[in-house]
Amino acid sequence: MRKTLYFSLLLKKYVRALPALLAIVLVLLFCAFFSISFFQQSENEKNSKIEIAIVGDPADSYLSIGMAALKNFDSSRFAISIDMMDEDEAEKALLDGILTAYIVVPEDFVLNAFHGDVGKLKYVTRHGSAMMGDFVKEEILNVISVILVESQRGVYASGELAEELIPGRKYGEVTDLAALEYVNLILERNKIFVIETVETVDGIGMMQSIFCGALVFIILLFGIGASGVLSSRNDSLSMLLRSGGMGYFRQVICEYFALFAVMSLAFAIMLGGAALFLGEEISSFIGYEMGIDFYVSVFLSLAVFAALLLLVFEMTDGIMAGALTHFFASLVLCYFSGCLYPISFFPVVLQKASLFTPTGCARGLLINSLTGDEIKTHLFILAIYLFLFIALCVLFRYRRMAKGGGEE
Amino acid sequence: MEIIIENIKKKYGKKVVLDGVTFSARGGECIGIVGANGCGKSTLLSILAGVQRADDGSFICDGADLFHAKEKRRELVGYVPQGTPLLYELTALDNLKLWYDKKALSDSLEDGMLKKLGIDEFLKIPVCKMSGGMKKRLSIGCGVASSPEILILDEPTAALDLICKAQISEFIAEHKNSGGIVLLTTHDESELKLCDKIYVIKDGKAMECVYSGSSVALAERF
C-alpha cells in the first residue's frame, strides 16, 4: 500500500522535471536532425556535378582533345561537368546559376603551351561561388597541366619526330588520333576501378549506424533534465520509510519506476512528434521502416538508462556532481560503443568489447530491431545491466544509511 | 508499559560506536540522550527505530524483543530523524498522505495529533517553501502517524525559533502525560528539563546522570 503511495507521490515529484526533459530531448533531437541533414546534404553534394563552361575556339583541335580529356578525367575525380560554350552564353548561364564558373581559354593556348609559352586562363565566377574558386581552379589547372601540356606534348613530339624521319605521310592526323585514343583509353580512369560501398562492422550501412548511435546518445543523455529532482535525495525520508517497514530495495524500485515513467512520457511525446512529422524522411534516410519492434527497443534501452541515471545520482552528491558525472559517463560510454564515432575505426578487441557495454548493446538492439535480426542476446545483456544498476543503487543506499545516512 | 534497552553494540568498521548501551524507561517517562557530536546518539536512536541493525543487544517492550518483532515495533515506535524526512517538491498534504490513510488523516487534522501540531494551517504549502518550524512539525506529524506509544525524536528542536520549540515541547509533554515514552537526543536546555532521566553517551556506553539545571555541568560529563 505504502509502496503504491510512495510511487504515486514520486511520480508527482518527477513530473516537475518533465519540461526540462522535454526541452533537452527537443534540443538533442534538433541537433541530431541537423547533423544528419548536414551529413545527408554533404552526401548529395558529393554526387552532384559542378558545372563549368570552357570558352574557346571550338575548331581548335587541341582544345577539342583537351575537352575530351577533361570530360573523361573529371568523372573519376571531383565530378566536374564541363561544356563548351561561347562567352555570352557562359555569362548568362553563370548569372542564371546554371554554371558555377566558366573558363576562357585564349586562342592557341594549347599550341603555345607546346612551345613553352603558357598563357593565362581567365576564370570567371560569382561572389556566392567564390569559395569554390580555389578548389575548381586547382583542379582545372592540374588537369590542363598534366593532360594537355605534359602528356600531349609527348604524343605530339613523337608525331613530329616521325614526320621528320619519314616524310610524305599524314603523321599529323595519325598523331591527333593517337592522342585521342590515349585520352580515351589511358586517362579515362573511371574505367579502371569500381566503386564499392563498404558496410559497417554491424552489417548495416553507415546511415543506419549513425542514426541508431545518435538515438542511443539522446536516450542516455536527455535524463540529465531530471537532475533537479534526482539531486534532492533525502536520506531522512529513506530512514523514516525503512523504519516504517519499506526497505531500501522497495524504495529504489519505486523511485526507478517513477523516473522511468516520466522519462518515457517525455521521450514518447518527442518521439511521437518526430515519427508523425518526420517519420517518412527518417525511414527513407535510414532505409528501413521503423516498426513496433524498433519503438519497443527504444523504450527498453530507456529502461536501462533510467536505472543508470538513478545510480549516478545515488553515487553522487548535489546537482552539479550528478549532472556532470552523467554527462561525461554518457560521452565516454557512447564514444567507446560507436555511438559518436564509427566503431570500425577502433581496434578489433575494443569493437568486440563495446558490444557488451550498455550503450553498445542498446545500439545493437536498435539496429537489429530495424533489420529484423536476432535481439535475444542484446536483451539478455541489457537485462543484466538493468538488474546490476538497480542492485548497485540499493547497495549504495544501504551502505550510506549504515553509516548514518550522512547525518550522523 | 516498560521498555528495556540492553547491551546494544554497534561498530562502523573497526570503530566501536556503541559498546553495551543499557537503560530502561516506563510509560510516562521522557529519556534524554546527550553526548558530544559523533558519540553515537543518532546511531542508537536509528537502531531502536529499525533503520540500522545492532551488532548485539535487545530492545524489549513488555516482554517482546522489538528487534525481532518488526510488526509490533512499527506499531509501537514512532521515529522522527534528525533531518527533514519529507518530499520537498510536494505539499504538506501530499507528504501526510504517504503515512496516513484517508480517514485517519481527516480525523487527525480535525481533532488529533496533526491539529495539535498546527499542521492544518499549512496543508497546501510545498515543503520547499516552509519555515524550519513548519518542516519539523510536519516531520513529527509524519513520524507519529501510527499513534505510537514510544516516540523516538532525534534533536527535535535543533535550529528552531522559540515559538516552535515551545510547540514541540508541549507536544512532547502531552505525549508523556498520556502514558507514552519519549526517547530524544538533544542539546537544548528546555528539552532537558522535560526529561525524567538523562543518559550521557561516552566511549560507547550510556551513563545516567542528574541534570542540575546547568548545561555546563552536564557538558563536563561528555
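Taken together, the values in this text are just the output of simple stated rules run on the coordinates, not laboratory data. Computed from a prediction, not measured in an experiment: that's the story for all the values here. Virtual Cβ from ideal backbone geometry, glycine too; neighbours counted across all protein chains shown.
Just a few scattered comments:
- Taking the number of Cβ atoms within 10 Å of each Cβ as an exposure proxy, the fewest-first ranking of A:Glu163, B:Glu89 is A:Glu163, B:Glu89.
- Centre-to-centre, using Cα atoms only, segment B:1-36 and segment B:148-210 are separated by 14 Å.
- When each of A:Lys92/A:Lys122; A:Lys3/B:Lys9; B:Lys72/B:Lys124; B:Lys135/B:Lys176 is checked by Cα-Cα distance, pairs over 25 Å: A:Lys3/B:Lys9; B:Lys72/B:Lys124
- Efficiency of FRET from Cβ geometry, A:Glu89 and A:Val174, R₀ 35 Å, rounded to 0.05: 0.55
- Summing Lys and Arg as +1 and Asp and Glu as -1 over all other residues whose Cβ lies under 10 Å from the Cβ of B:Thr186 gives a net charge of -4.
- For segment A:280-355 versus segment B:71-102, the spacing of their alpha-carbon centroids is 38 Å.
- Residue order, fewest to most beta carbons within 10 Å, for A:Glu280, A:Glu314: A:Glu280, A:Glu314
- Note on A:Ser61 and A:Ser231: the extension gain reaches 53.3 nm, defined as 0.36 nm multiplied by sequence separation minus the Cα-Cα distance.
- Residue order for A:Ser236, B:Ser139, A:Ser354, fewest other beta carbons within 10 angstrom first, comes to A:Ser236, A:Ser354, B:Ser139.
- For B:Glu170, the shell of other residues with beta-carbons less than 15 Å away shows a net charge of +3, using +1 for Lys and Arg and -1 for Asp and Glu.
- Partner shielding of B:42-54 amounts to 4, given as the average count of beta-carbon atoms from other chains within 10 Å of each residue beta-carbon.
- Distance between modelled label sites at A:Ala402 and A:Arg16, nm, 7 Å Cα→Cβ extension: 3.2
- Paramagnetic reach from A:Met315 (point 7 Å along Cα→Cβ, amide N under 11 Å) across segment A:322-352: A:325-326, A:329-330
- Whether segment A:233-282 is rounded, prolate or oblate, judged on the alpha carbon gyration tensor where a/c under 1.5 counts as rounded: prolate
- Rounded to the nearest 0.05, the FRET efficiency derived from the C-beta distance between A:Phe38 and B:Met207 at R0 = 56 Å is 0.15.
- Inter-label distance for A:Lys120 and B:Ala64, nm, one decimal - labels placed 7 Å from Cα along Cα-to-Cβ: 10.6
- The alpha carbon gyration tensor of segment B:108-199 gives principal lengths a ≥ b ≥ c with a/c of 1.5 or higher and a/b no greater than b/c, which makes the shape oblate.
- Added length on full extension, which subtracts the Cα-Cα distance from 0.36 nm per residue, B:Lys72 to B:Lys193: 40.5 nm
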